[in-house]
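The values are calculated or read from the model by the stated rules, or taken from the named source; none is laboratory data. This structure is a prediction, so every number in the text was calculated from the model and none was measured. All Cβ positions, even for glycine, are placed from backbone atoms using ideal geometry, and neighbour counts span all protein chains on display. Keep in mind that these areas ignore ligands, DNA and RNA; they rest on the heavy atoms of the full protein, side chains included. Shrake-Rupley method; radii C 1.70, N 1.55, O 1.52, S 1.80 Å.
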Amino acid sequence: MSQSAPAVINPAQSEPPTRRFRGITNPLARFLIVRFLLIFPTVFILVTMVFLLMRSIGDPITAALGDRLTAAQLAERISAAGYDRPLVVQYFEYLGQVFTGNFGTAITDGRPVSELLVTYGSATLELAFYAVLVALVVGIPLGMVAAYYRDKWPDAVLRVAAILAYATPVFFAGLLLKLVFAVWLKVLPVAGRASTRTELQLTTLDNKSGIYLIDAFRLGSPAAIGDVLSHAVLPGLALGLLTAGIFLRLVRTNVIGSLSMDYVDAARSRGVSEYRLVRKHAYKPALIPIITVIGLQIALLLGGAVLTETTFEWKGLGFKLVEYLGARDFVAVQGIVVLLAVIVALTNFIVDIIAAIIDPRVRY
Amino acid sequence: MTTTPSRFVAVWRKLPIVHQVRQSVGLQRGMLVAGLILTGIFLLTALFAPLLAPYGFSQLRDEEGSFGAQVPPGGQHILGTTVGGYDVLSRVIWGSRTALLVIVVAVALSIFAGVLLGLVSGYLGSWIDRVLVVISDAVYAFPTLLLAIVAAIAISGGQSSFWGGVFAAAVSITVVYIPQYFRVIRAETVRIKSEAYVESAKVIGSSTPRIMFRHVFRNATRTLPLIFTLNSSEAILTLAGLGFLGFGIEPSAAAEWGYDLNKSISDVTSGIWWTSLFPGLAIVLVVLGITLVGESLNDLADPRLRTRRRADQSAPALETAPISTLDLNDDIDSIDPLEARS
């Protein structure tokens with residue numbers, strides 16, 4: 001299982017390559033197939049759970065429009081949407097729809113949820129990209145520093161900083177950043193993905209990607225690029241620092257583990273510089289568990305994105321999700337949540353595959 | 001170290017937290033003590049909230065009239081008032097009580113369900129085990145906040161009372177954390193199942209429930225205090241996240257930090273800082289305190305991460321020897337509090 005990957009390298013713990021299947025089939029191919037098939041139960045379970053939880057309160061139409069329509073109108077809409085049929089029938093119909101990529105239609109504005117993915121998913125993707133960038137640039141070097149100075153003051157400071165990054169809710173970090181840089185110092189914009197003028201330019205662009213940075217580059221206007229980037233700084237920092245704390249700890253633990261290996265001592269005795277010892281000898285083997293866990297952070301990132309987008313009015317999937325939550329449009333909520341479940345399952349699959357290609361010990 | 005400590009001292013030194021504080025040195029001791037102090041303040045504030053808070057959490061006026069909205073800190077309202085006209089200090093203090101109740105209920109429920117499922121699944125094996133493992137893995141991989149939102153929608157339909165709100169929030173969080181307890185207990189159970197004492201119990205004819213609850217249960221639950229600590233800090237963050245998105249407890253039913261932060265988003269834009277800073281700091285300090293405790297206990301329990309006492313300090317052998325409540329076998333992963341978070 002992807003989640004049981006040990007955070008610390010421990011050769012005794014990893015499973016030996018399965019010799020039983022040698023000759024029967026290629027172990028990597030076998031792993032790929034098994035791992036791919038595992039996606040289906042995962043998604044199936046989450047879809048079922050979300051469906052049952054959401055339907056346990058009644059039908060979505062009453063929830064969304066119950067206070068605006070008369071009983072007769074409600075009944076008409078309910079039967080038109082098929083919510084008066086037995087739950088089992090609705091459930092299997094829904095499963096079939098999800099399987100064919102149809103995640104439902106929002107009640108409040110009548111837009112298909114899969115269309116929302118295209119419109120707002122790119123915004124979330126862009127935010128996630130900035131956040132991962134911040135996390136990598138901040139977390140990995142600092143993690144190596146902390147590991148090298150283990151139990152000395154730089155380590156102490158960095159560890160407390162990492163715990164602080166974890167203890168600060170992403171929306172509180174966002175509000176503080178906003179207060180200091182946007183309201184008091186007035187150096188960065190308060191919210192949004194771009195100023196109105198740039199946004200207008202970008203949305204009228206032909207076959208736009210939806211990722212503002214790419215679109216701004218294609219527009220070729222330095223002002224637009226600067227505008228898009230300045231809007232990205234605070235949300236990217238807020239979400240990125242949260243993740244950076246996790247990367248820091250992860251790199252620290254793993255580099256400490258590999259720094260105590262015999263080959264590091266051997267390299268040191270050959271006169272390899274301390275910098276090179278950490279950077280090459282200890283860091284490289286520590287990368288595998290790091291990659292695995294970084295991949296798993298996609299779930300964390302998506303959860304954090306919902307909060308960050310709300311804080312900064314960043315119009316992505318999370319922002320939209322909260323809007324629909326407020327409108328009690330549970331069909332849209334269910335659709336977005338299921339969509340995210342599929343994304344998470346697929347990402348975990350890809351991460352597992354990368355880990356298996358890098359390290360044969362991961363295969364099972 | 002020649003005098004024998006009195007019995008009282010000996011017992012005192014073996015108490016769970018005291019033992020770990022004595023076992024730790026240097027930075028680790030600093031982190032543990034700092035965490036214990038912060039957690040202690042949090043617990044005391046939660047317990048004595050009615051005495052500490054100057055006003056009620058949903059109080060909008062006193063005998064001198066209405067509090068007024070967004071009053072800056074100072075004077076009658078030391079930390080100012082919110083956009084809704086509540087006293088910020090009182091909301092922060094009462095919020096600690098809500099947070100404590102929610103995490104106690106949430107963690108107790110998830111431990112109960114998670115441990116029971118883990119024991120049954122790990123000990124009995126067969127297809128039940130496989131199904132439960134796949135389910136828990138699926139839930140575990142999913143963003144906890146999103147799942148908690150879905151659960152909150154299902155549960156919190158019209159919960160406006162204090163206990164209704166607390167339970168709805170707690171159960172939403174429980175749904176998310178059961179898999180974590182389940183995984184740990186199941187892994188331990190599978191390991192313990194093959195121990196000699198379990199086989200001996202089978203040989204002398206003990207019933208399966210007796211083996212499960214007497215022999216396996218007692219040994220498999222040794223890591224629980226640790227996960228409990230780590231999970232409670234996550235539970236506070238999830239509760240705050242739910243409140244921030246508008247799925248927490250109603251403001252008239254209880255004070256909740258996440259809700260207050262949500263209401264302060266627009267304040268921040270107009271430069272009003274006191275409505276967001278104080279509830280936010282409360283969350284940070286509480287989570288920091290609990291995490292420092294959990295983190296230090298985790299490091300102390302893991303011989304690879306424990307800072308050793310210097311040799312010249314001639315510590316008695318008993319103290320450096322790992323007699324913590326936790327299993328020290330290398331085959332147990334150190335539990336990483338941050339890694340599991342989402």
**OP:** Give the stretch A:104-121 a look and list any residue that's touching a strand residue (DSSP E or B) at 6+ places or on another chain (Cβ under 8 Å) and open to solvent by 20 Å² or more (accessible area, probe 1.4 Å), or say none.
**Re:** A:105, A:111, A:112
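If only one of A:47, A:34 is surrounded by 15 or more Cβ atoms within 10 Å (Cβ to Cβ) and either at pLDDT 80 or above or within 14 Å of chain B (Cβ to nearest Cβ) (or both), which one is it?
Numbers: A:34 fails: surrounded by 15 or more Cβ atoms within 10 Å (Cβ to Cβ).
Among A:47, A:34, only A:47 is surrounded by 15 or more Cβ atoms within 10 Å (Cβ to Cβ) and either at pLDDT 80 or above or within 14 Å of chain B (Cβ to nearest Cβ) (or both).
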**OP:** Go through the stretch B:258-281 and give me each residue that's within 22 Å of residue B:165 (Cβ to Cβ) and open to solvent by 50 Å² or more (accessible area, probe 1.4 Å).
**Re:** B:259, B:263
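Give me the helices (runs of 4 or more DSSP H) completely within the stretch A:122-220, filtered to those with at least 2 residues that are more than 14 Å from residue A:232 (Cα to Cα) and open to solvent by 50 Å² or more (accessible area, probe 1.4 Å), ordered by residue number. Give the steps one after another, and end with the answer.
Details: elements: A:153-167, A:170-177, A:196-203, A:212-219.
Correct list: A:153-167, A:196-203, A:212-219.
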Subject >> the stretch B:233-254, residues that are modelled with pLDDT under 80, more than 9 Å from chain A (Cβ to nearest Cβ) and in contact with a helix residue (DSSP H, G or I) (Cβ under 9 Å, 6 or more places away or on another chain) >> reply: B:248, B:249, B:250, B:251, B:253, B:254
Original post:
Within the bounds of the stretch A:65-72, is there any residue that is open to solvent by 40 Å² or more (accessible area, probe 1.4 Å) and in a helix (DSSP H, G or I)?
Top reply: yes
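For the stretch A:246-364, which fully contained helices (runs of 4 or more DSSP H) count at least 1 residues that are closer than 30 Å to residue A:64 by Cα and open to solvent by 10 Å² or more (accessible area, probe 1.4 Å)? First the steps, then the outcome.
Values: elements: A:262-269, A:283-312, A:317-326, A:330-358.
Answer list for the stretch A:246-364: A:283-312, A:317-326, A:330-358.
From the list A:123, A:156, A:71, A:128, pick out the single residue that is of a type in the set (A, V, I, L, M), without any contact (Cβ under 8 Å) to a residue 40 or more places away in the chain and more than 29 Å from residue A:259 (Cβ to Cβ). Step through it out loud before you land on a result.
Working: A:123 fails: without any contact (Cβ under 8 Å) to a residue 40 or more places away in the chain; A:156 fails: more than 29 Å from residue A:259 (Cβ to Cβ); A:128 fails: without any contact (Cβ under 8 Å) to a residue 40 or more places away in the chain.
Matching residue, one of A:123, A:156, A:71, A:128: A:71.
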Original post:
Would a scan of the stretch B:44-66 turn up a residue that is assigned to a helix (DSSP H, G or I), within 27 Å of residue B:263 (Cβ to Cβ) and open to solvent by less than 10 Å² (accessible area, probe 1.4 Å)?
Top reply: yes
Original post:
Yes or no: residue B:112 closer than 24 Å to residue A:322 by Cβ, assigned to a helix (DSSP H, G or I), more than 12 Å from every other protein chain (Cβ to nearest Cβ) and open to solvent by 20 Å² or more (accessible area, probe 1.4 Å)?
Top reply: no
Subject >> Answer residue from the stretch A:50-64, given it is touching a helix residue (DSSP H, G or I) at 6+ places or on another chain (Cβ under 7 Å), open to solvent by 20 Å² or more (accessible area, probe 1.4 Å) and not aliphatic (A, V, I, L, M) and is farthest from the other protein chains (Cβ to nearest Cβ) among those >> reply: A:59
**OP:** Pick out the one residue from A:211, A:246, A:256, A:225 that is farther than 17 Å from residue A:314 by Cβ, more than 14 Å from every other protein chain (Cβ to nearest Cβ) and touching a residue at least 12 places away in the same chain (Cβ under 8 Å).
**Re:** A:225
Subject >> Output for the stretch B:185-225, where each listed residue is of a type in the set (Val, Ile, Thr), open to solvent by 60 Å² or more (accessible area, probe 1.4 Å) and free of Cβ contacts under 8 Å to residues at least 24 places away in the same chain >> reply: B:203, B:204
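Quick check on residue B:83: is it farther than 18 Å from residue B:293 by Cα, modelled with pLDDT under 75 and of a type in the set (A, V, I, L, M, F, W, C)? Lay out the reasoning, then the answer.
Numbers: farther than 18 Å from residue B:293 by Cα: yes; modelled with pLDDT under 75: yes; of a type in the set (A, V, I, L, M, F, W, C): yes.
Yes.
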Original post:
Looking at B:92, B:120, B:88, B:105, which one is of a type in the set (A, V, I, L, M, F, W, C) and within 14 Å of another protein chain (Cβ to nearest Cβ)?
Top reply: B:92
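Residue B:311 - would you say it is surrounded by fewer than 23 Cβ atoms within 10 Å (Cβ to Cβ), more than 13 Å from chain A (Cβ to nearest Cβ), more than 22 Å from residue B:164 (Cα to Cα) and modelled with pLDDT under 80?
Values: surrounded by fewer than 23 Cβ atoms within 10 Å (Cβ to Cβ): yes; more than 13 Å from chain A (Cβ to nearest Cβ): yes; more than 22 Å from residue B:164 (Cα to Cα): yes; modelled with pLDDT under 80: yes.
Considered against the rule, which asks whether it is surrounded by fewer than 23 Cβ atoms within 10 Å (Cβ to Cβ), more than 13 Å from chain A (Cβ to nearest Cβ), more than 22 Å from residue B:164 (Cα to Cα) and modelled with pLDDT under 80, residue B:311 comes out as yes.
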